[in-house]
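Below: one structure, written as structure tokens.
The values are calculated or read from the model by the stated rules, or taken from the named source; none is laboratory data. Predicted model only: the values in this text are computed from it and were never measured. In this analysis, Cβ positions are derived from the backbone assuming ideal geometry, glycine residues included, and neighbour counts consider all displayed protein chains. Side chains are part of the model used for accessible areas, which takes the heavy atoms of the whole protein and leaves out ligands, DNA and RNA. Shrake-Rupley method; radii C 1.70, N 1.55, O 1.52, S 1.80 Å.
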Amino acid sequence: MGANTILLITIHLEASLHQPMYYLLSLLSLLDMVLCLTVIPKVLVIFWFDLRPISFSACFLQMYIMNCFLGMESCTFMVMAYDRYIAICHPLRYPSIITDQFVVKAAIFILARNVLLTMPIPILSAKLYYCGRNVIENCICANMSVSRLSCDDVTINRFYQFGVGWTLLGSDLILIFLSYALILRAVLRLKAEGAVAKALSTCGSHFILILFFSTILLVFVLTHVAKKKVSPDVPILLNVLHHVIPAALNPVVYGVRTQEIKQGIQRLLNKIW
């Protein structure tokens, strides 16, 4: 939370950072903060004070925000990968393609796509008939953890959850892979001394973080499907880590390792002191 807050303040106060790339980074930081505030406070209250109860409305709201904002984060990664592709593969056209209007349109697309497609997830779960013990085996209101408590058939819920998840995150991941593959091909053709190493260092760290974001989600889904063969604590741990680790690493990988942001943070700290 602290790193993302510093990043947002720095980008807001530094006029030199008022550029499309940093606007996208601000959007990513905002998404990380919302996800953390949605999940982590309740998890900490459970572990510290053993306060486990949560109302149905709060549970379904948490479920919706998690699904919606994880999809937004994945889509933001895709847009940022496209931004890096244009910057490296078509540098002369970058100012005319990646504009403030492009960022606005991308933000509207990210918002509309995920808000609309994830809306049925909590609605389908809320319409189920819960007739038994309303205690989920999770510290987070994950869709399938809640749906399994009902006495109704949850086949539609399960298919919609996985269908939307794989459609949104899968398509994003394919486009991200394609962008970085084209970036790698263009970088390997560079003749300038040190340019290849610098480009690979920057884009490599971005890609590793995105790969981690996708991999931990894939492992979580697989362990959830094969629940009988895996300890019940594993999906819970992976779910919490999936909300904490990317949010902690994003400002470091995308922000602090960027020279312009590093200089902006230094100037901000100098003003404060």
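Is the range 52-68 home to any residue that is surrounded by 13 or more Cβ atoms within 10 Å (Cβ to Cβ) and either outside any helix (DSSP H, G or I) or at positive phi (or both)? Taking every residue of the range 52-68 in turn, at least one turns out to be surrounded by 13 or more Cβ atoms within 10 Å (Cβ to Cβ) and either outside any helix (DSSP H, G or I) or at positive phi (or both).
Screening Ser125 with (1) within 30 Å of Tyr180 (Cβ to Cβ); (2) out of contact with any His (no Cβ under 8 Å at 6 or more places or on another chain); (3) surrounded by 13 or more Cβ atoms within 10 Å (Cβ to Cβ) gives one miss only, at (1).
Total residues in the range 79-103 satisfying the condition of being at pLDDT below 90, assigned to a helix (DSSP H, G or I) and not charged (D, E, K, R): the figure is 6. Filtered by the rule that a residue be of a type outside the set (A, V, I, L, M), part of a helix (DSSP H, G or I) and either at pLDDT below 65 or exposed (fewer than 15 other Cβ atoms within 10 Å of the Cβ) (or both), the range 225-262 gives Lys227, Lys228, Lys229, Asp233, Gln259, Lys262.
Yes/no per residue for (1) small (Gly, Ala, Ser); (2) in contact (Cβ under 8 Å) with a residue 60 or more places away in the chain:
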| position | (1), (2) |
| --- | --- |
| Gln19 | no, no |
| Leu31 | no, no |
| Leu37 | no, no |
| Ile40 | no, yes |
| Ile54 | no, yes |
| Ser57 | yes, no |
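Once the range 2-17 is narrowed to residues that are free of Cβ contacts under 8 Å to residues at least 40 places away in the same chain and among the aliphatic types (A, V, I, L, M), the residue that is surrounded by the most Cβ atoms within 10 Å (Cβ to Cβ) is Leu8. Of all residues in the range 55-75, those being within 20 Å of Ala247 (Cα to Cα), modelled with pLDDT under 90 and of a type in the set (Ser, Thr, Tyr) number 1.
Within the range 68-86, residues that are in contact (Cβ under 8 Å) with a residue 12 or more places away in the chain sit with their Cβ atoms under 6 Å from residues that are open to solvent by 10 Å² or more (accessible area, probe 1.4 Å) and of a type in the set (Ser, Thr, Tyr), at 6+ positions apart or across chains, in these pairs: Ala81/Ser179; Tyr82/Ser179; Tyr85/Ser179; Ile86/Tyr94.
Would you confirm whether any residue within the range 107-118 is of a type in the set (Ser, Thr, Tyr), surrounded by fewer than 23 Cβ atoms within 10 Å (Cβ to Cβ) and part of a helix (DSSP H, G or I)?
Within the range 107-118, the first condition is being of a type in the set (Ser, Thr, Tyr), and the residues that meet it are 118.
Narrowing the set further to residues that are surrounded by fewer than 23 Cβ atoms within 10 Å (Cβ to Cβ) leaves none.
No; the residues of the range 107-118 include none that is of a type in the set (Ser, Thr, Tyr), surrounded by fewer than 23 Cβ atoms within 10 Å (Cβ to Cβ) and part of a helix (DSSP H, G or I).
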